[in-house]
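Contents: one structure, followed by commentary.
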Amino acid sequence: IANVPVTAQRSHYGCLGHEVQIEHLKAYVCKPSFSTDKAVIVAHDIFGWQFSDIRYIVDLIAGHGYITICPDFFKGTKPWTPSDHWVDFPDWLKNHDPMKVDKEADVVLKYLKEQCGAKKIGIVGFSWGGMAVHHLMLKNPQLTAGVSLYGIIRDSEERYRLLNPTFFIFGEKDHTISLDQIFLLEDKLKQYCKVPYKIKVYPGQVHGFAQLKPEDMKPDDKPYIEEARRDMIDWIKMFV
């Protein structure tokens, strides 16, 4: 595969699964080649459910034996795009609150249980989706495990009483989450959290590092990206 042109490799992403309509939500679903009663929900970042990097992750998790689904948590509204201006971001975020995902999560959980026969369901999320995961792991006991990649809820004292095992992945050089915030999270989880949790910081990595597709990785970062993904899958395998 090493000499396959990049475009040919890239075109596979997002093609392994298919799109479905579930109540008021569209979603991208990818299933493994054998039947299973284990599923994983993927919470996308600000670029939305159609972004090829996130579909690549959905396909990747499905390849490890999970029915994997990425619903449109933005409910058909416009995701953030790279050409948007950051000055408009706070307004955009007001209408796309990662802590208002409970209804969508319930719709997807119901679909996975009733239509796909899922008995154990985990969730992983990236950035905006990582915040959604942190929120849902505090609120929804149906989710047996969570992995939040570079997304934390910052402004609530209630954010440490996780209901089920949760793994937080961070990049050491993330411009949006300081090491101080990570240390605070660790400190408070030690005090309040009654379930297994883990926090890991990957050296030299910036925000968004873990969902890069192979051809977008820098050689120095590749080992950390691959390690973060392995760790994410291992956590899911341990608890889901």
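The values are calculated or read from the model by the stated rules, or taken from the named source; none is laboratory data. Here the structure is a predicted model, which is why all the values come from computation and not from measurement. Ideal geometry is used to build each Cβ from the backbone, glycine not excepted, and the neighbour counts take in all protein chains shown. To get the accessible areas, we keep the full protein, side chains included, count just its heavy atoms, and leave off ligands, DNA and RNA. Shrake-Rupley method; radii C 1.70, N 1.55, O 1.52, S 1.80 Å.
Structure notes:
- Rg to Rh, two decimals, where the range 126-232 supplies the alpha carbon set and Rh follows Kirkwood: 0.97
- Annotation: amide H-H contacts under 5 Å for I123 (H modelled 1.01 Å from N, sequence separation of 5 or more, or interchain): I41, A145, G146, V147.
- With every protein chain in place, the chain: carbon and sulfur % of accessible area (1.4 Å): 54 percent
- Low-density loop positions, trypsin sites (Lys or Arg not before Pro), the range 91-130 - DSSP coil, at most 16 other Cβ in 10 Å: K100, K119
- With the alpha-carbon atoms of the range 175-240 aligned to their principal axes, the span from lowest to highest coordinate is 41, 30, 14 Å, starting with the largest.
- DSSP H segments from the chain that extend 18 Å or more along their own axis, Cα-based, with Kyte-Doolittle mean of -0.5 or above: 179-192
- The modelled label-to-label distance between Q181 and F34, using points 7 Å beyond Cα along the C-beta direction, is 4.1 nm.
- Between the range 55-97 and the range 209-232, the alpha-carbon center distance in angstrom: 19 Å
- Modelled FRET efficiency - R0 35 Å, V107 with W86, Cβ distances, 0.05 increments: 0.65
- With the convex hull drawn over the C-alpha atoms of the chain, the volume per residue is 127 Å³.
- Rolling a 1.4 angstrom probe over the protein heavy atoms with all chains in place gives the chain an accessible area of 48 Å² per residue.
- The range 35-152 - Debye-derived log10 I(q)/I(0), Cα point model, q = 0.14, 0.17, 0.18, 0.23 Å⁻¹: -0.54, -0.79, -0.88, -1.39
- Relative to the current alpha-carbon distance between E226 and K198, full extension at 0.36 nm per residue lengthens the span by 8.3 nm.
- Extension reserve of the K218-E157 stretch, reckoned as 0.36 nm per residue once the Cα distance is removed: 18.2 nm
- Taking every DSSP helix (H) stretch of at least 4 residues in the chain, weighting each as -39,500 (n - 2.57) and dividing the sum by the residue count yields a mean residue ellipticity at 222 nm of -10500 deg cm²/dmol.
- In this structure the amide hydrogen of K26, modeled in the peptide plane, comes within under 5 Å of the amide hydrogens of D72, none closer than 5 places in sequence on its chain.
- More than 11 Å apart - percent of Cα-Cα pairs taken over the range 143-187: 71 percent
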